[in-house]
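To start, the structure under review is shown below, and the notes come after it.
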Amino acid sequence: MTVNRVIYLSSIVILTGCVSLKQTRQEGVQKISDLQAFEGTYENPFSKKSDSEFSSLWNQLNLSEKLDTLDFQTATIGLKVIGKDQIRAAWLQGDREKKSVVLKGKLKDSYFVSRHKRKIIPIPLIYGQFSNNQFQLWLGKDGQLHVDRMQNEWGWVFVFLASKDNTSSYEYKIKQK
């Protein structure tokens, strides 16, 4: 196999794995024209179940590979616009800020779509790994924050391929605007 053929096949594999979230027209999407509409304080847990740390608002926005479970049941998440395409998310414990992260993305059709967080490890013909994480925020007519999260991973060892795709949606109650 020539080097050009390997590069060509690798390019096709990488490009076909680039998935992004789609803005499906859902009933109840609030029309917004600037990021300030997302500002407010939201409840962190998605539910009161024991495994709800996986779906907590903080872990959905953070796009981290490790879960952050410290006091997540009592935490609230504050969102504040800090730039044209940036929202600052702060982990609040009462009135005290524990942690914060800057969310980069853009407003598109009433959705705040985050930048992709990608990881690519290519070793042609031997090993390869590709992962892609992304979320989008939108507000319901009732003012609740909705998060759609996409996780896409695939890889290969020699000629054996494997993949995992996951798209999930969550709703978080607003505590204060």
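The values are calculated or read from the model by the stated rules, or taken from the named source; none is laboratory data. This is a predicted model, so every value here is computed, not measured. Every residue, glycine among them, receives a Cβ derived from its backbone with ideal geometry; neighbour counts consider all protein chains shown. Side chains included, ligands, DNA and RNA excluded: accessible areas come from the protein's heavy atoms. Shrake-Rupley method; radii C 1.70, N 1.55, O 1.52, S 1.80 Å.
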Residue check for Lys22: under 24 Å from Ser110 (Cβ atoms), open to solvent by 80 Å² or more (accessible area, probe 1.4 Å), at pLDDT 60 or above and not β-branched (Val, Ile, Thr):
no
Scan the range 74-99 and report the pairs whose first residue is among the hydroxyl-bearing types (Ser, Thr, Tyr) and whose second residue is open to solvent by less than 10 Å² (accessible area, probe 1.4 Å), with Cβ atoms within less than 7 Å and a gap of 6+ or a chain change.
Thr76/Tyr42; Thr76/Asn44
Verdict on Thr41 being at pLDDT below 70 and either more than 18 Å from Asp109 (Cα to Cα) or open to solvent by 60 Å² or more (accessible area, probe 1.4 Å) (or both):
no
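So that you can scan it fast, the table gives a plain yes or no per residue for (1) hydroxyl-bearing (Ser, Thr, Tyr); (2) surrounded by 16 or more Cβ atoms within 10 Å (Cβ to Cβ); (3) more than 19 Å from the chain's Cα centre (by Cα):
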| position | (1), (2), (3) |
| --- | --- |
| Ala89 | no, yes, no |
| Leu92 | no, yes, yes |
| Lys104 | no, no, no |
| His116 | no, yes, no |
| Ile123 | no, no, yes |
| Ile126 | no, no, yes |
| Phe130 | no, yes, no |
| Gly143 | no, no, yes |
Only one of (1) open to solvent by 80 Å² or more (accessible area, probe 1.4 Å); (2) in a strand (DSSP E or B); (3) not polar (S, T, N, Q) does not apply to Lys66, and that is (2)
State whether one or more residues within the range 151-173 are touching an Asp or Glu at 6+ places or on another chain (Cβ under 9 Å), among the aliphatic types (A, V, I, L, M) and open to solvent by less than 30 Å² (accessible area, probe 1.4 Å).
no
Residue count for the range 132-141, restricted to those that are more than 16 Å from the chain's Cα centre (by Cα) and open to solvent by 10 Å² or more (accessible area, probe 1.4 Å):
1
Could you say which residue among Gln36, Gln60 is modelled with pLDDT of 80 or more, loosely packed, with under 15 Cβ neighbours inside 10 Å and in a helix (DSSP H, G or I)?
Gln36
